[in-house]
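Written below as structure tokens is the structure these notes are about.
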Amino acid sequence: MKHFPAAVGLPLALFAGAAAPLFAQPDTSLPAPQTIADRGHPLYRFETLKVASPDGARSYLLKVAIPKRKAPKTGYPAIWMLDGKAAMAAIDEKMLDTLDAAGPPVIVAVGHDSPLRLDTTERTRDYTPGPQSQDTRGRKSGEADAILALMTGDMRSRVAALAPIDPKRQTLWGHSLGGLFTLHVLLVHPQAFSAYYAASPSLWWNDGAITHGATTGLRCRCTLVIGEGSTTEVDPARAARAGRRAIGAEGRQAFDDRLKAIKGLKVQRQDFPGLTHGPMFNATIPPALRLSVGLRP
């Protein structure tokens with residue numbers, strides 16, 4: 001697995017506007033903030049889509065950033081970002097300037113239809129692999145396959161109606177439980193996206209089930225980048241607070257080895273020394289955006 005330091009290949013312009021929030025700890029109690037989609041940008045137009053779940057019980061709000069630059073013949077590359085309201089808030093004007101110069105992507109921020117910046121109940125249900133279950137606080141989990149079907153079905157078709165999308169250049173980014181979801185999609189449906197960025201993924205979920213699930217026969221042509229800080233979800237303290245067992249360093253190394261053995265999968269590791277789990281949210285968005293347009297993360 002290749003390792004790249006956090007700043008390799010990242011122009012100063014990409015970080016200049018993001019320095020202040022870079023070290024902020026995501027707060028799940030905060031309301032959704034104003035984002036660049038509200039402020040506007042001369043190189044992008046912004047659209048909002050409301051997509052209902054198949055059972056009609058809930059809905060999702062998608063903020064779609066569409067380049068004004070003419071699309072390539074094959075369509076724009078696209079990056080799908082989970083926890084969309086918080087993710088869009090981490091994107092600034094200079095990032096979009098840099099992306100436009102490289103051949104801009106359509107940015108799809110997939111958020112829950114909730115007033116919160118990060119809705120713990122919603123993301124626990126949607127970003128965790130099965131089996132479906134419910135904890136002592138009544139929070140459901142295990143519906144990752146349902147949201148994946150919605151993303152690759154109705155959501156993708158509605159985004160494609162707004163702008164031409166290159167089906168072979170689709171990137172998925174997620175942090176924490178969203179990072180777990182990203183890895184799950186890679187392992188069960190690798191053709192859904194061409195590139196994956198799992199930021200500080202919650203490998204401990206369900207006693208680390210994702211780290212020892214079967215990958216026999218898995219074939220794909222895609223890229224996976226795993227972004228990690230100094231303190232990750234491998235830590236026993238974090239796992240214990242969630243009532244889960246940490247996977248440990250040996251389990252993590254075994255999982256890394258399994259990923260490297262997948263035929264057609266290019267795996268990179270991007271380390272962010274000094275950053276803990278929360279700040280990894282904002283820190284990994286610039287390299288994920290670069291990945292979506294074919295630049296080195």
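General observations
- The selection criterion, being assigned to a loop (DSSP other than H, G, I, E, B) and either within 19 Å of A199 (Cα to Cα) or of a type in the set (A, V, I, L, M, F, W, C) (or both), does not hold for A101.
- On inspection, I107 qualifies as touching a residue at least 24 places away in the same chain (Cβ under 8 Å), among the β-branched types (V, I, T), surrounded by 24 or more Cβ atoms within 10 Å (Cβ to Cβ) and over 19 Å from G278 (Cβ atoms).
- Residue within segment 201-218 that is in contact (Cβ under 8 Å) with a residue 12 or more places away in the chain, charged (D, E, K, R) and buried (at least 20 other Cβ atoms within 10 Å of the Cβ) present: no
- Some residue of segment 105-115 being of a type in the set (V, I, T), outside any strand (DSSP E or B) and closer than 18 Å to H175 by Cα: no
- Cross-chain or 6+ apart pairs with Cβ under 7 Å, segment 249-272 first and at positive phi, then modelled with pLDDT under 90 and surrounded by fewer than 17 Cβ atoms within 10 Å (Cβ to Cβ): G264/R219
This table checks each residue for (1) under 15 Å from L291 (Cβ atoms); (2) buried (at least 20 other Cβ atoms within 10 Å of the Cβ); (3) touching a residue at least 24 places away in the same chain (Cβ under 8 Å).
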| site | (1), (2), (3) |
| --- | --- |
| A144 | no, yes, yes |
| S157 | no, no, no |
| L162 | no, no, yes |
| W173 | yes, yes, yes |
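- Candidate set from segment 266-278 (those that are surrounded by fewer than 20 Cβ atoms within 10 Å (Cβ to Cβ) and of a type outside the set (S, T, N, Q)); member that is nearest to D92 (Cα to Cα): G278
- For L177: the one exception among (1) touching a His at 6+ places or on another chain (Cβ under 7 Å); (2) farther than 23 Å from R221 by Cα; (3) at pLDDT 95 or above; (4) not hydroxyl-bearing (S, T, Y): (1)
The values are calculated or read from the model by the stated rules, or taken from the named source; none is laboratory data. This is a predicted model, so every value here is computed, not measured. Counting neighbours? That spans all protein chains shown, and the Cβs are built from the backbone with ideal geometry, glycine included.
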